[in-house]
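The values are calculated or read from the model by the stated rules, or taken from the named source; none is laboratory data. Values in this document were obtained by computation on a predicted structure and should not be read as measured data. So basically every Cβ, Gly included, is an ideal-geometry build from the backbone, and we count neighbours across all protein chains shown. For the accessible areas, the whole protein counts, side chains as well, though only heavy atoms, and no ligand, DNA or RNA atoms are used. Shrake-Rupley method; radii C 1.70, N 1.55, O 1.52, S 1.80 Å.
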Amino acid sequence: MEVLAAGLHPRVRSQADGSHYTTTGELPLVPGIDGVVRDPKGRIRYTVLDDTRLGTMAERTVIDLDRSVVLPSGIDPVQVAAAMNPAMSSWVALRRRIAKRFGAGRVVAAGRDTGRLAGLRALGADATCTFDELARAADVDVVIDYVWGEPTARAMVDLLSARTDRSAPLTWIEVGSVAGPEAAVPSAALRSARLQLVGSGIGSVPGRDFVKELPMLASAVADGAFDVRARAVPLAEVEQAWTATAGLADRIVFVP
């Protein structure tokens, strides 16, 4: 397949530096776990790669057609490459781990960067709070956690301590670990509240379940359901972009 766009996701960085739990350490490695490609018939596809060392950060790659979906004509490959991976993580967590609660009645966005939090109400959040203020969201039913590490361990205790009814079920879905791979959760947090810790990722969710969600998610991206902030960078500039973009709001997408 001819590669049109490949996102530089946190998952791609951890794949390349060997820190992701699926990493085998085999070299050589072409990074890139997904992307937008053109098939031999000229159709534009979004694809998720299986475990492989032949990633999408190349002019051409090899895909499994069953792990791809044909995209509508006229769609922006850069927007799709930027949106699908981050959107998929929470989409699959809700659809496949706790499907009955996919329709949220109230959404609270929590984070550590007050500057970024400020713009989330405009994107649909009913309320925002920092991790230090998480007790304000104590009575939620589901938490989707991309942070983990010490901030999550501390925030989890604060939130559980402030719940109006500790017997009310709380499902905590661990998706990412940008703040650290380990979180020291006190045993009392599990005994004193009805807390269920659930992981959502490769292994806990079968690959076939991820693939089943591709058509609906791709359709949502194509219809503009997500606020996508992407910046296209020539693949020839991968070294400079790789070391200079950590922490920027726009998702970097490499193009030919």
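Some observations on this one:
- Candidate values (i) 18.3; (ii) 24.1; (iii) 19.5, label of the one derived for Kirkwood radius over Cα pairs in Å: (iii)
- If you run the Gaussian network model on the chain, springs between alpha carbon atoms under 10 Å, then out of G18, G207, G105 the most flexible one is G105.
- Whole-Å distance, taken between Cα centres, linking region 1-79 and region 185-207: 30
- Heavy-atom accessible area order for R53, R163, R11, R194, largest first, 1.4 Å probe: R194, R53, R11, R163
- Angle in degrees between helix 207-222 and the longest Cα principal axis of the chain, rounded to the nearest 10: 80
- Rounded to the nearest 10 degrees, the angle from helix 149-161 to the longest Cα principal axis of the chain is 40 degrees.
- Over the chain, DSSP H runs of length four or greater, each weighted -39,500 (n - 2.57), average out per residue to a 222 nm ellipticity of -8000 deg cm²/dmol.
- Degrees, to the nearest 10: 77-92 long Cα axis against longest axis of the chain: 30
- T164 - accessible surface, heavy atoms, 1.4 Å probe, Å² rounded to 10: 120
- Restricting region 1-100 to GluC sites (Glu not before Pro) that sit in a DSSP loop and have at most 15 other Cβ atoms within 10 Å of their own Cβ leaves E26, E59.
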